[in-house]
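Novice: Handing you a structure now.
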Amino acid sequence: MSLLEPRLAIVSGASRGLGLAIIRDLLAAGHHVAACSKAGSAELTALGAGDFRGRLHWQAVDIGDPTQIDGFVDGAIAAFGTMPLWAVINNAGMVVDGVLPTLPVIDIERILQVNLTGAICLARAGLRRMLRQRGAGRILNISSITGQRGYTGLSAYAASKAGLDGFTRALAREVGRRGITVNSVAPGYMRTALSHGLDDKQLEQITRRTPLNRLCEIEDVVPVVRFLLSDDARFITGQTLVVDGGLTN
């Protein structure tokens, strides 16, 4: 990252996959990270206990429960003293695969709470600190190509991600004059826990339809996140950057 000094970033959905990779990249660049997830992981614990000791603060948080979010952000700020908050990265997400007529209402509500309401509330809590600092900052939302294209069995998930992209565009207008950018990254299908219940045959079909002839990898997305958090992206806001190898062209 083209940053002049270490900065503090908040990352949700920290325990595995893309969230863990983003945290590792931030720490490797010399920054401090306050991370949350519903549960921890051995990989996350190892990061905090190794070379990055003292620069990673983790807390168990259900991002779908707004009452837990302010306390987490307060704890994150307290953990790193006077270091200003630079970025909030909304990476936490969940999916329940199923056609809408048979999808339980409790699952619909939970998808929206985690993927959309939780992200909005975490951005809200972070922005309150950023605005008091009177400095620039970054809000970055991890969206999905599902929010832009329809896929069978993912209507509620698609609605949550489309809402996240709309939130990105509107919030960018609200806070732009304060030097805060707001963007989304929409990855293509990855072989992760959030592959939406697709089997190998379905993933192979997606690969064949992708111009670059492979699935998205975590390593394809992390550099895009790194760029949007950097000073090089200071004039980019309100955008959704798609990283899908051309699948949705």
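Novice: Under 15 Å from the mean Cα position of the chain (by Cα), part of a helix (DSSP H, G or I) and either under 20 Å from Asp107 (Cβ atoms) or not aliphatic (A, V, I, L, M) (or both): does that describe Ala158?
Specialist: So Ala158 does not fit the description; no.
Novice: Oh, and also: Residue check, Asp74 against (1) touching a residue at least 60 places away in the same chain (Cβ under 8 Å); (2) out of contact with any helix residue (DSSP H, G or I) (no Cβ under 6 Å at 6 or more places or on another chain); (3) not polar (S, T, N, Q), all met but one. Which one?
Specialist: (1)
Novice: Within segment 22-70, track down each residue that is surrounded by fewer than 20 Cβ atoms within 10 Å (Cβ to Cβ), in a helix (DSSP H, G or I) and either β-branched (Val, Ile, Thr) or over 19 Å from the mean Cα position of the chain (by Cα) (or both).
Specialist: Result: Ala42, Thr45, Ala46, Gly48, Ala49, Thr67.
Novice: Name the one entry in Leu18, Leu27 that is in contact with a Phe, Trp or Tyr (Cβ under 8 Å, 6 or more places away or on another chain), in contact (Cβ under 8 Å) with a residue 12 or more places away in the chain and either farther than 26 Å from Val175 by Cα or of a type in the set (Asp, Glu) (or both).
Specialist: The match here is Leu27.
Novice: Here's another thing I want to ask about it. What single numbered condition from (1) in a helix (DSSP H, G or I); (2) under 17 Å from Leu229 (Cβ atoms) fails to hold for Asn141?
Specialist: The single condition Asn141 does not satisfy is (1).
Novice: If you don't mind, there's one more thing I want to ask. Out of the residues in segment 218-249 that are surrounded by 14 or more Cβ atoms within 10 Å (Cβ to Cβ) and at positive phi, which is modelled with the lowest pLDDT?
Specialist: Only one residue fits best here, namely Gly245.
Novice: Same structure, new question: For Thr102, state whether it is surrounded by fewer than 17 Cβ atoms within 10 Å (Cβ to Cβ), more than 21 Å from Ala35 (Cβ to Cβ) and of a type in the set (Val, Ile, Thr).
Specialist: yes
Novice: Same structure, new question: Assigned to a helix (DSSP H, G or I), surrounded by 17 or more Cβ atoms within 10 Å (Cβ to Cβ), of a type outside the set (Ser, Thr, Tyr) and modelled with pLDDT of 90 or more, is that true of Ile89?
Specialist: no
Novice: Being small (Gly, Ala, Ser) and buried (at least 22 other Cβ atoms within 10 Å of the Cβ): is that true of Ala123 here?
Specialist: Taking the combined requirement at face value, the residue satisfies it.
The values are calculated or read from the model by the stated rules, or taken from the named source; none is laboratory data. Just so it is clear, the model here is predicted, and its values are computed rather than measured. Heads up, the Cβs are rebuilt from the backbone with ideal geometry, glycines too, and the neighbour counts pull from every protein chain shown.
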